[in-house]
Amino acid sequence: MTTVVPGVNRGTWVDAGSPLDQFPPPVLAGYEEAEVAFARDAWPLKAAEELRSALIFRALARASARWPIGAGWTARFVAAAHDEIFHARLCAATGARLGAPPPRYDAGSVRARLAPLADPTRRACALALIEVAVGETISLAMFRAGRSAAREPLTRAALERILIDEVRHQRLGWSAMSAWWPALDEPDRAALQEEARAGLGAMEQQIASPALRWLQASAPFNPKYAELGVLAPDARVEAFYTAVERLVVPRLTRLGLDGSRAWRDRYSPGL
């Protein structure tokens, strides 16, 4: 069931003061209404993605608290969850300034992700590796590319603010995995190799494949959209594959996984 985006805990996340109090107003002179409409529709989607991240960090905090070697990281994951709540509020408020409706969110994808990860060790490691280390590294690349292309002041300021936290979040994921790795047994490490393989394939389908289809269809992309915060398809593709090949794969390998194999076999389970 799809509902208006809730907070991570009970209560509302929209009445804690405006997240835009210190941000510039939108400057939309020079943009057609259709251009603004195209861009504003992206902000509720961004808000929903940030709320998903908040729920993942909450689940990670709870799992780490139940696993002795992970418990010392719990407070850091809780803090990151609060960062993501702020990002969701910021995205919703930015969209509202541009005329977008409130975001809507379905937590079903989070429940589906957590369902096969009942064991706290497996859950903590899988979420820290895929959603935080790998996912936030790719997210950082996307926000960095989007910020670089953005020209509208409110849009650029909002992307810049989120980007600051994404840098810390991806470092948190890799640091946690490096600290936990020596305590993992071979079955745990094999499970993480499979998580890396499946996670990379899923991220490619979610992030890069729609942009590739746009480019293959030779559909025009208005550069004004990028000025308003919508990443151009070619820039999205470049940011994704650069992040995976230059950052994610080497870091997986340094951790102790086979990064190259995970990427090569991302659609070939069991190889």
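The numbers here are math on the coordinates, done by the rules we state, and not lab data. Everything quoted here is computed from the prediction, not taken from an experiment. Every residue, glycine among them, receives a Cβ derived from its backbone with ideal geometry; neighbour counts consider all protein chains shown.
The modelled label-to-label distance for the pair residue 186/residue 71, using points 7 Å beyond Cα in the direction of Cβ, is 3.0 nm. Its DSSP H runs of at least 4 residues, each contributing -39,500 (n - 2.57), put the calculated 222 nm mean residue ellipticity of the chain at -20000 deg cm²/dmol, to the nearest 500. The charge dipole of the chain, taken about its Cα centre with unit charges on the Cβ atoms of Lys, Arg (+1), Asp and Glu (-1) only, comes to about 400 debye. The length gained on full extension between residue 18 and residue 267, counted as 0.36 nm times the residue separation minus their Cα-Cα distance, comes to 85.3 nm. Around the Cα centre of the range 109-262, unit charges on the Cβ atoms of Lys, Arg, Asp and Glu (plus for the first two, minus for the last two) sum to a dipole of about 320 debye. Quick one: angle between helix 186-203 and the longest Cα principal axis of the chain, in degrees between 0 and 90, rounded to 10, please. Result, in degrees: 20. As a calculated quantity, the FRET efficiency between residue 62 and residue 175 at R0 = 22 Å, using C-beta atoms, amounts to about 0.70.
Considering only 236, 168, 123, the Gaussian network model of the chain with Cα springs below 10 Å gives its largest mean-square fluctuation to 168. Of the peptides 213-220, 257-264, 69-76, the order by per-residue mean of other Cβ atoms within 10 Å, starting with the highest, comes out as 257-264, 69-76, 213-220. In this structure, residue 33 and residue 148 have a Cβ-Cβ separation that, at R0 = 25 Å, corresponds to a calculated FRET efficiency of about 0.45. Note on residue 194 and residue 253: their simple-model spin labels are 2.5 nm apart, each label 7 Å out from Cα toward Cβ. Each Cα pair under 8 Å and six or more residues apart adds its separation to the average, and for the chain the resulting relative contact order is 22 percent. Inter-part distance, the range 60-84 to the range 214-271, computed on C-alpha centroids, equals 28 Å.
How would you classify the range 150-271 from its alpha-carbon gyration tensor, with a ≥ b ≥ c the square roots of the eigenvalues: rounded for a/c under 1.5, else prolate if a/b is greater than b/c, otherwise oblate? Here the range 150-271 falls in the oblate category. One chain, two ends: residue 215 and residue 79. Fully extended at 0.36 nm per residue, the span grows by 45.1 nm beyond their Cα-Cα distance. Given their separation in residues at 0.36 nm each and the Cα-Cα distance between them, residue 241 and residue 260 gain 5.5 nm when the chain is fully extended. Candidate values (1) 32, 23, 15; (2) 37, 18, 17; (3) 34, 21, 20 were compared with semi-axes √(5λ) of the Cα gyration tensor in Å computed on the shown model; the agreeing label is (1).
With K and R counted +1 and D and E -1, the other residues having a Cβ less than 9 Å from that of residue 86 yield a net charge of -2.
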